[in-house]
Protein chains: 2
Amino acid sequence: LNTFKITVLPENKTIEVSKEKTLHLALAEAGFPIEGTCGGRGTCGKCKIKVIEGQNALSVIPSKKLSHEEIEAGWRLACLIPISEDMIVMLPPKAEEGDRKTHLSGKDYYPINIDLKKKHLVLEKPTLQDQTSDLRRIALELGIEKPQFTPQIIKKAPEVLRKAKFDVTVTYIENKLLDIEVGDTASELYGVAFDIGTTTVVGSLIDLNNGKVIAASAAANLQRGYGADVIARITYVSENNDGLDTLQKKVIETLNNIIENLVNKTGIKRENIYSIATVGNTCMQHLLVGADPTNIAGSPYIPVFQDSINLSAYQLGIETNKESVIYVSPNIAGYVGADTVGVILATELEKSDQLLLAVDIGTNGELVLGNKEKMLSCSTAAGPAFEGAQIKYGMRAADGAIEEVVIDESVNIKVIGNKKPVGICGSGLVDAVAQLVKVGIIEASGRIIAPEEAVDMPEDLVSRIVKGQNGYDFVLYRDVLGKDILLTQKDVRELQLAKGAIYAGIKILAKEFGVEIKDIGKVLLAGAFGNYINIESAKIIKLLPKELEVEQVGNAAGIGSRMIIASDEEKQRADLIAKKVRYIELSSRLDFQDEFITALNFGD
Amino acid sequence: LNTFKITVLPENKTIEVSKEKTLHLALAEAGFPIEGTCGGRGTCGKCKIKVIEGQNALSVIPSKKLSHEEIEAGWRLACLIPISEDMIVMLPPKAEEGDRKTHLSGKDYYPINIDLKKKHLVLEKPTLQDQTSDLRRIALELGIEKPQFTPQIIKKAPEVLRKAKFDVTVTYIENKLLDIEVGDTASELYGVAFDIGTTTVVGSLIDLNNGKVIAASAAANLQRGYGADVIARITYVSENNDGLDTLQKKVIETLNNIIENLVNKTGIKRENIYSIATVGNTCMQHLLVGADPTNIAGSPYIPVFQDSINLSAYQLGIETNKESVIYVSPNIAGYVGADTVGVILATELEKSDQLLLAVDIGTNGELVLGNKEKMLSCSTAAGPAFEGAQIKYGMRAADGAIEEVVIDESVNIKVIGNKKPVGICGSGLVDAVAQLVKVGIIEASGRIIAPEEAVDMPEDLVSRIVKGQNGYDFVLYRDVLGKDILLTQKDVRELQLAKGAIYAGIKILAKEFGVEIKDIGKVLLAGAFGNYINIESAKIIKLLPKELEVEQVGNAAGIGSRMIIASDEEKQRADLIAKKVRYIELSSRLDFQDEFITALNFGD
C-alpha cells in the first residue's frame, strides 16, 4: 500500500501516486497546470489547491501566503502536502491560457519556399516486362536519381501501392521519400511553428501548400511545475538524476497537447503534419532536444549547441507524422535564444539601414541593437516580474488580470475579460507604478510615501496607502469581501530591478556599439507583454528611453517561427543571423553594475 | 497456468512458453538453432529433438522421418509437439556453424576510403571571452561549417567535454557529428560487413582506420526455424500477421549475436562499431529493413526496393554504437540481390574486357553474364539441394558431412572434421552423383540402375544398390549400427532439377547476350559451395559447361561486403552496378522450359 489515489477536480481525473512525493510534484508530473515559482519550498504561494477530502492534508500547517478565509475554505499549498492518504483536491479556477499570446498580430499568410513536397502520382503498374521495384518506380516518377527512404515508406509502400492501384501521393524532401498515402492527398501538407516560452507555448498550424495560418493554440508549458524561470528549470535538471528526461518529456507533452488541439480544431490528420519548427530561449531549446542546460547557469555560461538542429519527429516523440522534419532554430548564446533570432527575422533588423533596438520581454528580457552592418545582443534577468512572478498579486495576462490603470481622483482599472479582478498582470503593473510615480505616491527612489506625506492629494488615493510588511502598500482594488488587490512596496522593488536591468542593458549595448541612446532610430518592442504595455507608462518608469520612438511589433518571435517553417530560405537566414549577432555578457561587467544602479530610479 | 517451462539441453537454458505454440516454434522464437524446412508440417524431419522429460511429448506419434532406434531413444519432431507440460529436451549435436563460410578466401586488407572519421581534439576551454557552445566549438575545430548533430552527441557532449577537460575524440561523417568520447580513441574505429545468407550469416569486423579484417564470425540465420528458403520465409510473412516483424527481429538477433561474438573475440567496444554494411539476397535484405517481401513471391515478382538504403543502427535495433551508419547494399531484382552485386564488385566483372559468367550458388543460384559493355543476370531455384535440403541425408557443410566421394572398386569418402559421417553436403552430393554417372550406376537420364543391370561392376558397388521407395538407392556409407547413409533416387532427381535450372539459365543468358556458350571466357564460381565443389564433378553432372575454364573465387559476395564497408567509392560502384545489370525473368519464358528439360540429363 505504497500508492494513494488523488482525485483532481474540476477535471475529475484520478491519479495513483507513490508516497515519496509531494502533492505538487505528483500533480505536475501528471500534467496538471499547477504553478510553483519557488520550486516546492512553500514560499511563493502559487501552488494553491483546495483540499476537499484528506485529513492529513488539511492538518498541514497552512502557509502565510494564504488568507484566513482561504485556509478556512480548505486551501493549502500543494508543495507542503506529502502524499499519505487518498485525497480529493480542487485546482484553482483556471485562467484562459495564453489568450494574448495566440494573437500574434502577424500576417495570416507566409510565402512558401520549401523542399518538403507532396505529389500525386498515377503510376504504371508493374509487369513481367517492367519489374521495377515499388520505391524505384516512385523515385523515377519524381525524377529522383539517388533516392533515400524512411523506414515508414519502406514498410508502407507495397501495401499502399496495391490498395491504391498505384494511384498514390508521396511526401518527400529533396531525394528522401518520407511517406506514401492512397489516392490524391497532395493538398494535405501541414506544419506547426512553435514558440516555446518558459511560461507559455504557442503553436501555429500552417498549410504548407499556400502558407496560410489555419489555426493557433497556446498552452501552459507543463515544465512550469518544476520552476518559474530558466534558472529554476536548470536547477531542477542539475539536482535530479532524471531531471533532464523529465523536463524534456514535459515540453514534448506540451507540444503534443497543442498538436492535439490544432488537429481537433481543424479536423486535419496528424499524420499530415510533416514539418515542425521551434523557436524559444536557449534553455527551452536545450530541454526540447535533451541537451543538458546546466552549463548555461554558471560562468562562463556555455550552451551545448547554438546551430540549428534537424531531427525527425519519432526521435523526440512528437506525435505528428513520425518522419516529420523538425527544425530547431539556432541560438545566439546561453541567454539569447532562437526566439531572438525569430524577432530579428520578423523585424528584418539585420537588413536595416537605420539603427534599431529590439526589446523582447518574456520571462527573460533580450535586447538586440543593430543594423545591416552589425548586431549586438544581451540578456537581462528581467522577466518574472513582468509575467506576474514575485509580485504579490501578480498573475499572467488572463481573465481577471488588471491590465490597465489610470489614476486621477481615484483609481480606474481595466480588467481582462471584464471580470472581477483577481490580480495584476505585467502591463497593469507598469501602468500602476507609472501612474503612482506621476501623482507622487511613488518617489523617484521607488519608495511608496506614507499617508501623512501625501499632502494635497485626493482623499481616496491617500486612503489607499496602507501599512505593509515593508513600508507602505497601495490598494489598487477594494473588495467588499476584503480581498483587496494591493501593489506592495516589495512589488515596486521587483519592478525596479527588472526595468533597471533592461535599461542598463540598453545603455551597455549602445556603448559597445559606439553610439548614444539618442542615435537609436527606433525601439521595436516585441513579445506578448511588449504588445500590451502602455508605451507612455514604460517611458515614465524608465523601462525604455523616453526620447526614442517605440513600435510594438507583436509576438515577433512567433512570427519568426512561422516564417521559418514556411521557407527554407528563412531557415538559412536564421542560421546566418544566429552566427552574425555578437553576444555581450553583462554579468561580468563592472560598467553594467554602475548603469544598473543608476537605472533603478524612476527619475532622470 | 497457461505457460510451461521448457529446459533445453545441452545449453541448459529454461524458457517459459504459452500453450498455443508448438515446441518447434517456441524453440525458434527463443533463438535456439532449430531447423525446419517444411515450415512446421512434420514432413521434412529436420527439427529433431530428444525428449528427456515430457510424457505428452513422448506420446506424440513419431514421424516416419525418424529411425526405430531414434524413436526408442526419445527423438521426436519438435513441430509435432504441442506445448502441454513442462519438458526437458535435448537439441541434436550442433554442427559447427559456417566453418567454411568464414573462410572467405578474400584479402585480409581492404583499402579505406570513407567519409566516416574519428579525430582526437584538444580544445580550448570556454571562457567569458569565448562563450562558443560545446558543439560549435567541436565543429569549428573540425572545420565543419554547417554541422548536424545526433541526439547522442547532443546528450553526451557537455559531460564528456568537462570530464575530459576538453581532450576528446569525435566521430563524424561529413558534416554530421555522431559521437564523442573522453581522451584519444581515434584508433578505435570499426565496422562490420555482413553477408546475410538465407541459411548462414557471416560478419567480418574491419578496422576502418587501416582496412584490416580483424575477425570473422558466422552463425545460423535464426530465421531458419521459419522456413528453409526464401519462398518459405515469404510464405511465413504473408500467412502471419506479425510474420514480418518476427522475421525482422530474428535476422537482427542473428546480426547482434555475431556482433557480440566479434566483440568478445577481439575485446573491442561495441560502441566503437560505427558502420555496418550488408549484402544478401533481395528477400533477406527486405526482411532486414522491415520491407514486406510478399510481392517478390508472385508474378510479376516485384521487390519493395532495389536502391541502397542508409539507416542508423538504432532504427533497426542493431547493437553497436547507436548512430552507427548502416548501408544496405542495392539489389538488382526480386531474385538477384545485393549478394550478386557483391560478387560483381569482388570479381570486377563490370570492368572486364573478357566475357565472364559469375555463378553464385547458395540457397538460390544467381548467374551474371557480362563484361564492361553490358551485364545480364538471372536467378534459378537451385540452392536447397546443394545446401542439403530436400536431400534425405543432406546437411550443411559442417562436421560429419561427407564432402568428397571417389568411387573405384569401392566408395571412398572424405568427411569434414574427420568424424564419423552423419550426412552429405553439397560438394559430396555432386561428387557422389558424378562418380556414379562415371561408373554407370546412374544413367544419363538420372535413373539408378538395378543391381541386376550392373553387369561387370565391382561386387562392393553392386551390393550397395538397394531397393528404395522410388526405384533404387545407393549406400554411400555402411554403418555397423545400421545407420547407413544413402543417396536415394529422389536425391538424384532433386540434384537434376537444381543443376538443370542453372545450366538452362546459363544457356538463356548466353542467348540473350547473343553469344554461344563457348564464347564465354571464364566461369567465376562463387559462394561457399562453389568454393568446395569439385569442378570436374560439376562438369560431369552438367552443372557447368564442360568446355569452359572455371575459377573458384571464394565467397565473393562476402568480399564485396567488406569492400563496400571500407570504401564509399565501392558503395557508389555497388549502386551503379545494381542499376546497370539487366535482369532476365526466366519463369515466363518458354525457351527456358525447353532448355531446362534438355539440361536435366547428365549426358550430352
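Taken together, the residues in the range B:113-139 that are more than 14 Å from chain A (Cβ to nearest Cβ), out of contact with any Ser or Thr (no Cβ under 7 Å at 6 or more places or on another chain) and part of a loop (DSSP other than H, G, I, E, B) amount to 1.
Among the residues of the range B:532-546, the one identified as in a loop (DSSP other than H, G, I, E, B), open to solvent by 20 Å² or more (accessible area, probe 1.4 Å) and closer than 21 Å to B:K414 by Cα is B:N534. Residues in the range B:301-311 that are in contact (Cβ under 8 Å) with a residue 40 or more places away in the chain and either more than 10 Å from chain A (Cβ to nearest Cβ) or not hydroxyl-bearing (S, T, Y) (or both) were compared, and the one that is nearest to A:Q129 (Cα to Cα) is B:Q306.
Residues satisfying the criterion are absent from the range B:111-126 (criterion: of a type in the set (S, T, N, Q) and surrounded by 17 or more Cβ atoms within 10 Å (Cβ to Cβ)).
If you go through the range A:191-216 and keep only what is within 30 Å of A:I138 (Cα to Cα), surrounded by fewer than 22 Cβ atoms within 10 Å (Cβ to Cβ) and touching a residue at least 60 places away in the same chain (Cβ under 8 Å), you end up with A:N209, A:N210, A:G211, A:K212.
Go through the range B:392-449 residue by residue and tally those that are assigned to a strand (DSSP E or B) and surrounded by fewer than 18 Cβ atoms within 10 Å (Cβ to Cβ). Counting residues in the range B:392-449 that are assigned to a strand (DSSP E or B) and surrounded by fewer than 18 Cβ atoms within 10 Å (Cβ to Cβ) gives 3. Scanning the range A:412-437 for residues that are of a type in the set (A, V, I, L, M, F, W, C) and under 19 Å from A:R447 (Cα atoms) returns A:L429, A:V430, A:A432, A:V433, A:A434, A:L436, A:V437.
The sole residue among B:N240, B:N261, B:N256 that is away from chain A (no Cβ under 11 Å), without any contact (Cβ under 8 Å) to a residue 12 or more places away in the chain and surrounded by fewer than 24 Cβ atoms within 10 Å (Cβ to Cβ) is B:N240. Scanning the range B:318-332 for residues that are of a type in the set (S, T, N, Q) and within 11 Å of another protein chain (Cβ to nearest Cβ) turns up just one, B:N331.
Sub-8 Å Cβ pairs linking a first residue in the range A:269-298 that is facing chain B (nearest Cβ under 10 Å) to a second residue that is buried (at least 21 other Cβ atoms within 10 Å of the Cβ) and of a type in the set (F, W, Y), at least 6 apart or interchain, are A:T282/A:Y335; A:H286/A:F305; A:V289/A:F305; A:A291/A:F305; A:I296/A:Y335, ordered by first then second residue.
Within the range B:19-43, count every residue that is of a type in the set (D, E) and surrounded by fewer than 20 Cβ atoms within 10 Å (Cβ to Cβ).
Residues meeting the conditions: 2.
Considering every residue within the range B:209-216, establish whether at least one is more than 14 Å from chain A (Cβ to nearest Cβ), of a type in the set (K, R) and outside any helix (DSSP H, G or I). Yes, the range B:209-216 contains a residue that is more than 14 Å from chain A (Cβ to nearest Cβ), of a type in the set (K, R) and outside any helix (DSSP H, G or I). Among the candidates B:V182, B:V160, the residue that is open to solvent by 10 Å² or more (accessible area, probe 1.4 Å) and within 14 Å of chain A (Cβ to nearest Cβ) is uniquely B:V160. Residues in the range B:140-153 that are facing chain A (nearest Cβ under 7 Å) and outside any loop (DSSP other than H, G, I, E, B) were compared, and the one that is least open to solvent (accessible area, probe 1.4 Å) is B:F149.
Residue-by-condition table, conditions (1) part of a helix (DSSP H, G or I); (2) open to solvent by 40 Å² or more (accessible area, probe 1.4 Å); (3) within 28 Å of A:I214 (Cβ to Cβ):
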site	(1), (2), (3)
A:I268	no, no, yes
A:I276	no, no, yes
A:V279	no, no, yes
A:L288	yes, no, yes
A:A291	no, no, no
A:I302	no, no, no
A:D307	no, no, no
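Within the range B:217-237, the set of residues being open to solvent by 30 Å² or more (accessible area, probe 1.4 Å) and of a type in the set (S, T, Y) comprises B:T235, B:Y236.
Evaluate the following for B:Q315: is it out of contact with any Cys (no Cβ under 6 Å at 6 or more places or on another chain) and either in a helix (DSSP H, G or I) or more than 14 Å from every other protein chain (Cβ to nearest Cβ) (or both)? Criteria met by B:Q315.
Given the criteria at pLDDT below 95 and over 12 Å from B:T198 (Cα atoms), does B:K249 qualify? For B:K249, the condition - at pLDDT below 95 and over 12 Å from B:T198 (Cα atoms) - is not met. So, restricting to helices (runs of 4 or more DSSP H) that lie completely within the range B:2-99, which ones have at least 1 residues that are closer than 26 Å to B:I402 by Cα and modelled with pLDDT under 85? The helices (runs of 4 or more DSSP H) meeting that bar are B:68-72.
Is it true that B:F592 is within 14 Å of chain A (Cβ to nearest Cβ), in contact (Cβ under 8 Å) with a residue 24 or more places away in the chain, assigned to a helix (DSSP H, G or I) and of a type in the set (F, W, Y)? Judged against the criteria, B:F592 is a match. When residues in the range A:358-382 are screened for being within 19 Å of A:V553 (Cβ to Cβ) and charged (D, E, K, R), 3 of them pass. Total residues in the range B:354-365 satisfying the condition of being within 16 Å of the chain's Cα centre (by Cα) and open to solvent by 10 Å² or more (accessible area, probe 1.4 Å): the figure is 4.
When you scan the range B:378-394, do you find a residue that is under 20 Å from the mean Cα position of the chain (by Cα) and within 14 Å of chain A (Cβ to nearest Cβ), even just one? Yes, because at least one residue in the range B:378-394 is under 20 Å from the mean Cα position of the chain (by Cα) and within 14 Å of chain A (Cβ to nearest Cβ).
Does B:E188 satisfy the criteria of being on the phi > 0 side of the Ramachandran plot, out of contact with any Ser or Thr (no Cβ under 7 Å at 6 or more places or on another chain) and open to solvent by 10 Å² or more (accessible area, probe 1.4 Å)? Criteria not met by B:E188. Of the residues making up the range B:547-585, just one is over 29 Å from B:D115 (Cα atoms), within 14 Å of another protein chain (Cβ to nearest Cβ) and open to solvent by less than 10 Å² (accessible area, probe 1.4 Å), namely B:I584. Filtered by the rule that a residue be farther than 23 Å from A:A528 by Cα and small (G, A, S), the range A:271-310 gives A:S275, A:G290, A:A291, A:A297, A:G298, A:S299, A:S308. Every test in (1) open to solvent by less than 40 Å² (accessible area, probe 1.4 Å); (2) more than 9 Å from chain A (Cβ to nearest Cβ) is passed by B:Y335 save one, and that test is (1).
Number of residues in the range B:475-531 that are open to solvent by 10 Å² or more (accessible area, probe 1.4 Å) and at positive phi: the value is 2. Within the range A:550-593, the residues that satisfy the criterion of being in contact with a helix residue (DSSP H, G or I) (Cβ under 8 Å, 6 or more places away or on another chain) and of a type in the set (D, E) are A:E570, A:D591.
The values are calculated or read from the model by the stated rules, or taken from the named source; none is laboratory data. Everything numeric in this text was worked out from a predicted model, so none of it was measured. In this analysis, Cβ positions are derived from the backbone assuming ideal geometry, glycine residues included, and neighbour counts consider all displayed protein chains. Heads up: the accessible areas ignore ligands, DNA and RNA and are worked out on the full protein's heavy atoms, side chains in. Shrake-Rupley method; radii C 1.70, N 1.55, O 1.52, S 1.80 Å.
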